[in-house]
Ligand SMILES: Nc1ncnc2c1ncn2[C@@H]1O[C@H](COP(=O)(O)OP(=O)(O)OP(=O)(O)O)[C@@H](O)[C@H]1O
């Protein structure tokens, strides 16, 4: 049987004496799009911190494609909530950064990211600086840098949280298309119930701190998904159910 891309079992994390995660179990299968919804401060980013190695767990079994997380090179590619691009580096030099940090020479890293410029809508913008890009383009650049690392697991922490409503909705449609094309294994943190339902195969609802899974919802709308899905009564029903789970949590 194939190993899940991510498996977390019975995870506990304490920060500054505060129980932040308790008995958390979750998984993502290879090629699956999974979202985490939860109240603010519930421990979502802390859970990502364990996966990136920034946060130490008290206990728990965490595996990426079957291998325990310990030391060595990280096997997750992480897109943080904010400040993802370095303002003093050109777009191209930002895009190669993730690979460079992992030890790839800049020239080789450039060869890796170039084919992604067109699908990510960044062709012709390589020599600009982040401040010269629109908000949506900056987020696409941050995502390109993340996926270019070709790791078995992509962690996206509220990638569209700071965007205006129209750009956000365009980016959700674009990401759905890109996921269809590349089938990355994604775990997405979001506060947006509709975003989670539109993009995901499954949604986990976290309890308030300390985080554990309060509900798990399978989202089996056919793909490709378009904005028309928002008008589907089954979408509205699932949205209502998720909101109820969140309120109950
Ligand atoms: N280093 C720390 N020491 C003590 N407490 C911390 C530390 N880091 C985070 N916390 C607390 O842990 C809790 C969980 O934080 P976390 O950032 O994981 O929540 P979150 O669910 O990602 O929140 P948000 O949705 O607002 O981003 C918060 O209450 C936070 O104050």
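Just to be sure I understand the filter: pairs with C-beta atoms under 8 Å, separated by 6 or more residues or on different chains, first member in region 199-213 and not assigned by TED's automatic domain parsing to the domain that holds residue 42, second member surrounded by 21 or more Cβ atoms within 10 Å (Cβ to Cβ) and assigned to a loop (DSSP other than H, G, I, E, B). Which pairs pass? Within 8 Å, no pair qualifies. So how many residues does region 218-228 have that are at pLDDT 95 or above and outside any loop (DSSP other than H, G, I, E, B)? Qualifying residue count, region 218-228: 1.
A search for C-beta distances below 6 Å between a residue of region 172-185 that is without any contact (Cβ under 8 Å) to a residue 60 or more places away in the chain and any residue that is buried (at least 17 other Cβ atoms within 10 Å of the Cβ), counting only pairs 6+ apart in sequence or on different chains, returns 172/195; 172/198; 176/199; 176/225.
Only strands (runs of 3 or more DSSP E) whose full extent lies in region 115-211 are considered here, and the ones with at least 2 residues that are at pLDDT 95 or above, more than 16 Å from the ligand (Cβ to nearest atom) and closer than 30 Å to residue 25 by Cβ are 153-157. Checking the condition closer than 20 Å to residue 20 by Cα, at pLDDT below 95 and either away from the ligand (no atom under 16 Å from the Cβ) or not assigned by TED's automatic domain parsing to the domain that holds residue 142 (or both), which residue from 98, 38 passes? Just one listed residue meets the conditions, 38.
Whether a residue is within 15 Å of the chain's Cα centre (by Cα), surrounded by fewer than 19 Cβ atoms within 10 Å (Cβ to Cβ), within 16 Å of the ligand (Cβ to nearest atom) and more than 24 Å from residue 2 (Cα to Cα) was assessed, and residue 19 does not pass this test.
The values are calculated or read from the model by the stated rules, or taken from the named source; none is laboratory data. Source: prediction; values computed, not measured. Cβ: placed from backbone, ideal geometry, glycine included. Neighbour counts: every protein chain shown.
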